[in-house]
Amino acid sequence: MHELAICQSILRQAADVAAAHPASVVTRVTLRIGPLAGVEPHLLRAAFPLAAAGTCCAGALLAIKTPPVRVECQLCGTVSRVRPNRLLCFACGTWRVALLEGDEMRIESVDLFEREIANV
């Protein structure tokens, strides 16, 4: 289950963002994962709370956005939105296409919260 290792990497990056800002808690991590990224979003969602336990991301929401798969035809130049299992130009039907979007996996945003410390 490589999704656990992916979660650990995401959490390290989110903790780095929190450390670089005056924040003590990460409340939400938003990812952008294309259908061709080789990652199973439902397994990532299941692994996230386990990996986040005991970190500044414990209890954070994991949001996942799924972009469409888009290709550009190398013959006619048409940009097409296609199905992940059918990478063909919509206009001319050729398989000679360049992938523009759909295989990415990146952190889109990290939401932070600063806890107030009460003076006692």
note = Scanning region 23-46 for residues that are of a type outside the set (V, I, T) and surrounded by 21 or more Cβ atoms within 10 Å (Cβ to Cβ), the one farthest from L4 (Cα to Cα) turns out to be G34
ask   = Which number in (1) free of Cβ contacts under 8 Å to residues at least 24 places away in the same chain; (2) surrounded by 15 or more Cβ atoms within 10 Å (Cβ to Cβ); (3) not hydrophobic (A, V, I, L, M, F, W, C) marks the one condition that G54 misses?
value = (2)
ask   = Conditions: (1) surrounded by 13 or more Cβ atoms within 10 Å (Cβ to Cβ); (2) among the hydrophobic types (A, V, I, L, M, F, W, C); (3) more than 11 Å from the chain's Cα centre (by Cα); (4) not in a strand (DSSP E or B). W95 meets all but one. Number of the miss?
value = (1)
inquiry  = Given the criterion modelled with pLDDT of 95 or more, farther than 17 Å from R28 by Cβ and among the aliphatic types (A, V, I, L, M), identify the matching residue among A118, A60, A91.
reply    = A91
message = Considering only region 68-75, I want to know if a residue exists there that is free of Cβ contacts under 8 Å to residues at least 40 places away in the same chain, more than 16 Å from I107 (Cα to Cα) and of a type in the set (K, R).
response = yes
message = Being among the charged types (D, E, K, R) and not in a helix (DSSP H, G or I) is the requirement here; does R28 meet it?
response = yes
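The values are calculated or read from the model by the stated rules, or taken from the named source; none is laboratory data. Values in this document were obtained by computation on a predicted structure and should not be read as measured data. No Cβ is skipped: glycine too gets one built from the backbone with ideal geometry, and neighbour counts run over all protein chains shown.
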